[in-house]
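Please read the structure below before turning to the comments.
The values are calculated or read from the model by the stated rules, or taken from the named source; none is laboratory data. Computed from a predicted structure; not experimentally measured. All Cβ positions, even for glycine, are placed from backbone atoms using ideal geometry, and neighbour counts span all protein chains on display. We work out accessible area using only protein heavy atoms, side chains counted, and drop any ligands, DNA or RNA first. Shrake-Rupley method; radii C 1.70, N 1.55, O 1.52, S 1.80 Å.
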Amino acid sequence: MKLGVVVGNVTSTINTRDFEDRTLLLVDIVGPDGVPAGGYQIAVDSIGAGAGETVLLLDEGNGARQVLGAPGAPIRTVVIGIVDEVSDGEA
């Protein structure tokens, strides 16, 4: 799993049927401190995340397809949560 910040949507006019009625998000990968870690992911949104939100990404194709109920789809990364807080475990 990875943390990321949604920076926008990805729109394509021609795509596979597996992406119909699904939102694709451009996500900037960040570390636990919220600082960009380098790199972006395009992820299928499964929860209604929006720009500026910190999200939890499942970046493993088989698991992502299971979450979406799309076993044969060409999907690798899915947004599975909106993060409220990241703490270091110290009280």
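Data for the structure
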quantity: Whole-number percent relative contact order across the chain, with pairs defined as alpha carbons under 8 Å at least 6 apart; calculated: 29 percent
quantity: Structure-based [θ]222 nm, the chain - -39500 (n - 2.57) summed over DSSP H runs of at least 4, per residue, nearest 500; calculated: -2500 deg cm²/dmol
quantity: Sequence-distant residues sharing a close amide H with Asn9 (under 5 Å, placed H); calculated: Leu26
quantity: Nitroxide proxy distance, nm - points 7 Å out along Cα→Cβ at Ser87 and Glu20; calculated: 4.6 nm
quantity: Thr23 long-range amide H proximity, modeled H, under 5 Å; calculated: Asp45
quantity: Bridge type composition, the chain - antiparallel percent by DSSP, nearest 5; calculated: 90 percent
quantity: In order through region 3-20: 3J(HN,Hα) via Karplus (6.51 cos²θ - 1.76 cosθ + 1.60), integer Hz, x for Gly, Pro; calculated: 9, x, 10, 5, 10, x, 9, 10, 10, 10, 7, 10, 7, 5, 4, 4, 9, 4
quantity: Percent accessible area from carbon and sulfur atoms, the chain, protein chains only, probe 1.4 Å; calculated: 48 percent
quantity: For region 23-34, 3J(HN,Hα) per residue [Karplus equation, 6.51 cos²θ - 1.76 cosθ + 1.60, θ = phi - 60°, Hz, x = Gly/Pro]; calculated: 9, 9, 10, 8, 10, 7, 6, 10, x, x, 8, x
quantity: Percentage of interatomic Cα-Cα distances in the chain larger than 23 Å; calculated: 22 percent
quantity: Pairwise centroid distance, computed over Cα atoms, of region 36-86 with region 7-29, Å; calculated: 11 Å
quantity: Amide H within-cut-off set for Val83, under 5 Å, with H built and near neighbours excluded; calculated: Thr54, Val55, Leu56
quantity: For the chain, size of Cβ-based charge dipole, Lys and Arg +1, Asp and Glu -1, in debye; calculated: 500 debye
quantity: Per residue accessible area of the chain, 1.4 Å probe, in Å²; calculated: 62 Å²
